[in-house]
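Chemist: The structure that follows is given in the form of structure tokens.
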Amino acid sequence: MEKKVFRVGSVGIGGISRGVHLPGIQKSPDLELVAVCDLKPERMEYARNTYGIREDHCFADYHDLIACPDVDVIDISTSNNAHFEVAKAAIEAGKPFCLEKPVTLTAEEADILAKAAQEKGIPNMVCFSYRFKAAARYAKELVEKGMLGDIYHVYMQYLQGGGGPSYDLPRSWRYQKELTGTGALGDLGCHALDLVSFVTGKNYRKAVGHTDTYVTQRRLEEGEGYGPVDVDDFCHYLMEMDGKTSANFSVTRFAYGRGNYQRMEIYGSKGGLVYSLDVTPGVDELEVCFGYPYDRSGIYTKLPIPQRFQCDQMQSFADILNGCSDGMAATIQDGCRIQHALDVIIRSAEEEKWLPCD
């Protein structure tokens with residue numbers, strides 16, 4: 001089957017767009033960036049200068065970008081509060097979309113998007129980017145082959161240090177509940193939830209959470225003075241998964257000296273594995289211990305990652321559009337499940353008790 005080249009309109013030209021989305025679109029032979037939308041003129045100027053976007057294809061209103069006849073698909077990497085309305089407009093226009101996480105601010109909004117996309121048969125992808133790490137995909141295959149046996153425990157850490165006082169980060173949208181929904185939980189914790197579910201193949205059944213905020217005032221991005229921080233700086237939560245698998249999560253922006261550190265340990269009846277990211281900056285790795293007599297050795301062996309597990313996020317979106325996807329990228333249905341889990345964790349932390357996942 002001959003592949004088609006899809007013309008992309010990208011909404012939101014901030015850090016994740018510049019770092020991942022736009023370079024990935026440019027690298028893909030099946031995608032072409034033709035239009036951008038952002039509220040800040042300097043960001044659209046960046047897109048014009050870097051990617052040669054025509055001035056009449058730089059929009060301040062996402063409705064105009066979606067309606068543009070030269071745009072086939074919509075790439076959405078705005079602040080979290082805009083995800084729902086932009087994705088909803090893309091679905092209503094019948095245009096496939098790629099959406100940053102978390103998919104919405106609430107489970108109710110996520111349900112609406114998932115139902116609408118399914119009813120209209122709109123191809124889509126949610127950017128749970130760690131599904132595209134080769135070590136995570138290799139770990140998933142080992143679990144599916146039964147190398148770990150019955151899975152008892154998962155211990156997942158996602159640790160960053162950028163929220164600490166030495167960084168003195170301003171009060172960006174990520175620290176304002178009306179714009180982001182949650183703090184470390186929605187920003188990092190949703191990645192952790194999806195990654196554990198992706199590798200184990202299990203869903204969440206119930207949760208208990210603990211969240212809090214260390215820095216309650218941050219300097220304003222524009223002007224003088226400080227503004228309140230009303231989202232979590234860290235979250236710890238326990239989850240029961242299918243088959244009584246117990247999963248323990250630690251997520252924080254206050255892990256001194258950490259960049260984008262992840263560590264997932266999975267222990268089963270036949271073996272264990274450890275996935276890690278950023279022990280060596282930017283590198284994902286996998287260690288395993290399988291079967292007798294290695295269970296007595298206390299030694300985990302680092303595995304070389306086969307080339308076939310290498311992949312790219314935005315090329316995966318192109319493959320979905322061209323009908324040749326490997327089926328491993330997240331969809332709006334996956335994003336909806338994770339949003340429900342996030343909402344339960346938030347309520348559990350507020351009520352200080354275990355709650356069932358919807």
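The values are calculated or read from the model by the stated rules, or taken from the named source; none is laboratory data. The structure displayed is predicted, hence computed values, not measured ones. All Cβ positions, glycine included, derive from the backbone under ideal geometry; neighbour counts span all protein chains shown. Protein only, heavy atoms only, side chains kept; ligands, DNA and RNA dropped before computing areas. Shrake-Rupley method; radii C 1.70, N 1.55, O 1.52, S 1.80 Å.
Chemist: Tell me which residues, restricted to the range 69-81, are surrounded by fewer than 19 Cβ atoms within 10 Å (Cβ to Cβ) and in contact with a strand residue (DSSP E or B) (Cβ under 8 Å, 6 or more places away or on another chain).
Modeler: Asp70, Asp72
Chemist: Please indicate, with yes or no, whether at least one residue in the range 182-196 is out of contact with any Pro (no Cβ under 6 Å at 6 or more places or on another chain) and either surrounded by fewer than 17 Cβ atoms within 10 Å (Cβ to Cβ) or farther than 28 Å from Glu350 by Cα (or both).
Modeler: Within the range 182-196 (the criterion being out of contact with any Pro (no Cβ under 6 Å at 6 or more places or on another chain) and either surrounded by fewer than 17 Cβ atoms within 10 Å (Cβ to Cβ) or farther than 28 Å from Glu350 by Cα (or both)), the answer is no, since none of the residues qualifies.
Chemist: Shifting gears a bit: Just the residues that are in a strand (DSSP E or B) and either more than 24 Å from the chain's Cα centre (by Cα) or touching a residue at least 60 places away in the same chain (Cβ under 8 Å) (or both), please, taken from the range 24-53.
Modeler: Matches in the range 24-53: Leu31, Val34.
Chemist: Let me ask you something else. Residues being open to solvent by 40 Å² or more (accessible area, probe 1.4 Å) and either assigned to a loop (DSSP other than H, G, I, E, B) or at positive phi (or both): count how many of those fall in the range 226-239.
Modeler: 1
Chemist: Return the pair list, or none, for Cβ contacts closer than 7 Å from residues in the range 236-258 that are closer than 16 Å to Tyr214 by Cβ to residues that are surrounded by fewer than 18 Cβ atoms within 10 Å (Cβ to Cβ) and polar (S, T, N, Q), at least 6 apart or on different chains.
Modeler: His236/Ser250
Chemist: Between Ala110, Ala89, Ala139, Ala117, which is in contact with a Phe, Trp or Tyr (Cβ under 7 Å, 6 or more places away or on another chain) and either crowded, with 21+ Cβ neighbours inside 10 Å or within 30 Å of Lys302 (Cβ to Cβ) (or both)?
Modeler: Result: Ala139 is the single residue among Ala110, Ala89, Ala139, Ala117 that is in contact with a Phe, Trp or Tyr (Cβ under 7 Å, 6 or more places away or on another chain) and either crowded, with 21+ Cβ neighbours inside 10 Å or within 30 Å of Lys302 (Cβ to Cβ) (or both).
Chemist: Quick check: is even one residue across the range 105-120 touching a strand residue (DSSP E or B) at 6+ places or on another chain (Cβ under 7 Å) and among the β-branched types (Val, Ile, Thr)?
Modeler: So far as the range 105-120 goes, no, none of its residues is touching a strand residue (DSSP E or B) at 6+ places or on another chain (Cβ under 7 Å) and among the β-branched types (Val, Ile, Thr).
Chemist: I'd like to verify a number: residues in the range 171-213 that are hydrophobic (A, V, I, L, M, F, W, C) and under 19 Å from His153 (Cβ atoms), how many?
Modeler: Qualifying residue count, the range 171-213: 8.
Chemist: Hey, another quick one. When the residues of the range 142-163 are narrowed to those that are among the aromatic types (Phe, Trp, Tyr) and surrounded by fewer than 23 Cβ atoms within 10 Å (Cβ to Cβ), which ends up nearest to Arg219 (Cα to Cα)?
Modeler: Applying the filter and picking the extreme gives Tyr155.
Chemist: Report, ordered by the first and then the second residue, all pairs with beta carbons closer than 7 Å, sequence separation of six or more or different chains, a first member in the range 186-209 that is within 19 Å of Leu142 (Cα to Cα), and a second member that is of a type in the set (Asp, Glu).
Modeler: Asp194/Asp334; Gly201/Glu144; Lys202/Asp242; Asn203/Asp242
Chemist: For the range 186-237, which residues satisfy the criterion of being among the hydrophobic types (A, V, I, L, M, F, W, C) and closer than 14 Å to Tyr175 by Cα?
Modeler: Leu188, Val215, Leu220, Val229, Val231, Phe234
Chemist: Another question, then. Those residues that are open to solvent by 40 Å² or more (accessible area, probe 1.4 Å), modelled with pLDDT of 95 or more and of a type in the set (A, V, I, L, M), I need them from the range 275-319; list them, please.
Modeler: Val279, Val283, Leu303, Ile305
Chemist: Please pick out the residue among Tyr167, Tyr158 that is modelled with pLDDT under 95 and under 29 Å from Pro281 (Cα atoms).
Modeler: Tyr167
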